[in-house]
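Single-structure report; data block below.
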Amino acid sequence: MSKGLRTRAIRAGLNSDRNSNAVIPPIALSSAFRREDPAVQPQFDYARTNNPGRCLLAEAVADLEGAAGGIATVSGMAAIDLLLHDLAHGARIVCSHDAYGGTRRLLDARALGGRFTVQYADLSDPDIAREAITAGTRLVLLETPSNPRLRISDITAIAALAHATGAELAVDNTVLSPVLQRPIELGADYSVQSTTKLINGHSDMVGGLVCVRDAARLERLQWWANCAGVGAAAFDSYLALRGLRTLPLRAQAQSQSALDIATWLAGDERIAHVDYPGLHSHPGHALAARQQAAFGQLISLELAPGLDPREVVRHFDIFTLAQSLGGVESLANIPALMTHAAMTPEARAEAGIPDTLIRLSVGLESVEDLIDDIDSALAG
Ligand SMILES: *Cc1c(COP(=O)(O)O)cnc(C)c1O
């Protein structure tokens, strides 16, 4: 029987060192690896192609995702870009209309060169998804929960739509991590992560990871990762693997705090609207309860008329104004000015991201302190 998630996350790569019997796998910073025989290709040869720490990290995350394997990259954006390398010229991509701002910037910039066409659609709406994923679509890039509005899309249903037209489905799983959602088990072909966020969890490195369902596709993307030189650095891989060991505990605890905070926010008259899939009032609640293990650490909110979001975030003491998510420290962000500033105002309007929206990434501090912090920031 496969061991529990916490056991697999903690034990990943332990005791694998054969030189010193180090329990924690050491960092190999060497760019070159000595050969015993010039004609025999060793497992490690040159560090762009592969390095031991990168390999352990990719294996560990792929194991949690239920994938054939994974590729650790220098950033989340590099992981998404890696998926685009093999698309035939003129291929059609369908992407969540409220995907991460950097994802839209990347797709738009690449599409401008004529390599492929991209259509953005609200994939949380089954009718819109069915209309968008038409013949000629080669890749569907889905973000669920989407960010910042936390819309929930049905991974199994979208995988079926994609496969029926001969397209592949990639899910950006950054917001939940494989502890809370496993897209490949739900039918996706790829699960993509920014390891910068929950997986590392300590906000001190940048990295990405693509997990692949099919072994032949994995090999092809490994070829591209070496060709384009986007593999993760040894030290960053070490940090991400260290972070991964506590991911199951962090993800659950942060989700619980976020649920407590969202519930408190929903009952406060200074808040006009709360997006949190864990609230029964959220339109994607039942679907999220089915395809996720918990509801995640992100909350978006709109203030009651008359309250200025820029004033409120200025008055936070614990929530730090910074644009990331998933770390142990709580962060606040105004997406229109920060994480989603790369989108045009029209694209933001279409995705339902008003200039007044505040997004919170709930960390591991005492939840009473976090609620007190929000309460006093709202009081001004
Ligand atoms: C941060 C993020 C990315 C990009 O990852 P980087 O590591 O910053 O390159 C992609 N998707 C989502 C959902 C993100 O939050």
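The values are calculated or read from the model by the stated rules, or taken from the named source; none is laboratory data. What you see is a predicted model, and the numbers here were worked out from it, not measured in a lab. Cβ sites come from the backbone with ideal geometry, for glycine too, and all protein chains shown count toward neighbours. The protein model used for the area step is the full one, side chains on, heavy atoms only, and it has no ligands, DNA or RNA in it. Shrake-Rupley method; radii C 1.70, N 1.55, O 1.52, S 1.80 Å.
Below, the figures for the structure above:
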{"quantity": "Simple label model, 7 Å out from Cα along Cβ direction - CYS227 to ALA68, nm", "calculated": "1.7 nm"}
{"quantity": "222 nm mean residue ellipticity, helices alone, for the chain (DSSP H n ≥ 4; -39,500 (n - 2.57); rounded to 500)", "calculated": "-10500 deg cm²/dmol"}
{"quantity": "Zone of ASP308's modelled label, taken as backbone nitrogen in region 332-357 under 20 Å from a point 7 Å along Cα→Cβ", "calculated": "332-338, 354-357"}
{"quantity": "SER194 - accessible surface, heavy atoms, 1.4 Å probe, Å² rounded to 10", "calculated": "10 Å²"}
{"quantity": "Highest-MSF residue in the chain out of ALA135, ALA322, ALA12 [GNM, Cα springs under 10 Å]", "calculated": "ALA135"}
{"quantity": "Beta bridges per DSSP with both ends in region 5-244, % antiparallel, nearest 5", "calculated": "40 percent"}
{"quantity": "Leading residue at positive end of dipole, the chain (Cβ point charges), from VAL312, PRO126, ALA225", "calculated": "ALA225"}
{"quantity": "Most mobile of VAL23, VAL140, VAL312 in a GNM of the chain (Cα contacts under 10 Å)", "calculated": "VAL23"}
{"quantity": "Apportionment of accessible area to carbon and sulfur, region 267-329, percent (1.4 Å)", "calculated": "51 percent"}
{"quantity": "Full-extension gain in nm, VAL328 to HIS85, via 0.36 nm per residue minus C-alpha separation", "calculated": "84.1 nm"}
{"quantity": "Pair THR356, ILE10: separation of 7 Å Cα→Cβ label points (nm)", "calculated": "4.7 nm"}
{"quantity": "Of ASP122, ASP81, ASP236, the one that fluctuates the most in a GNM where the chain has Cα springs shorter than 10 Å", "calculated": "ASP81"}
{"quantity": "At R0 = 25 Å, FRET efficiency that the Cβ-Cβ distance of ASP260 and ASP204 yields, to 0.05", "calculated": "0.40"}
{"quantity": "Whole-angstrom gap from region 170-243 to region 1-44, using each part's C-alpha centre", "calculated": "18 Å"}
{"quantity": "Between 0 and 90°, nearest 10: helix 247-266 axis offset from the chain longest Cα axis", "calculated": "10 degrees"}
{"quantity": "Probe 1.4 Å - accessible area at THR263, Å² to nearest ten", "calculated": "80 Å²"}
{"quantity": "Ordering of 248-255, 32-39 by packing [mean C-beta count within 10 Å, highest first]", "calculated": "248-255, 32-39"}
{"quantity": "Stretch gain in nm, segment HIS280-LEU29, where the contour uses 0.36 nm per residue and the Cα spacing is subtracted", "calculated": "85.4 nm"}
{"quantity": "Separation in nanometres of the label points that stand 7 Å from Cα toward Cβ, at THR165 and PHE235", "calculated": "4.5 nm"}
{"quantity": "Accessible surface, the chain, averaged per residue in Å² (probe 1.4 Å)", "calculated": "42 Å²"}
{"quantity": "Exposure ranking of ASP375, ASP172, ASP127 by accessible area [1.4 Å probe, largest first]", "calculated": "ASP127, ASP375, ASP172"}
{"quantity": "Probe 1.4 Å - accessible area at HIS97, Å² to nearest ten", "calculated": "10 Å²"}
{"quantity": "With 5 Å bins from 0: P(r) over region 247-379, alpha-carbon pairs, percent", "calculated": "2, 11, 20, 24, 22, 15, 6, 1"}
{"quantity": "Potential extension, GLU36-ASP317 segment - 0.36 nm per residue separation minus Cα distance", "calculated": "95.4 nm"}
{"quantity": "Largest-first ordering by accessible area, 1.4 Å probe, given options CYS227, CYS95, CYS55", "calculated": "CYS227, CYS55, CYS95"}
{"quantity": "Candidate residues ARG314, ARG359, ARG92: accessible-area rank, largest first, probe 1.4 Å", "calculated": "ARG314, ARG92, ARG359"}
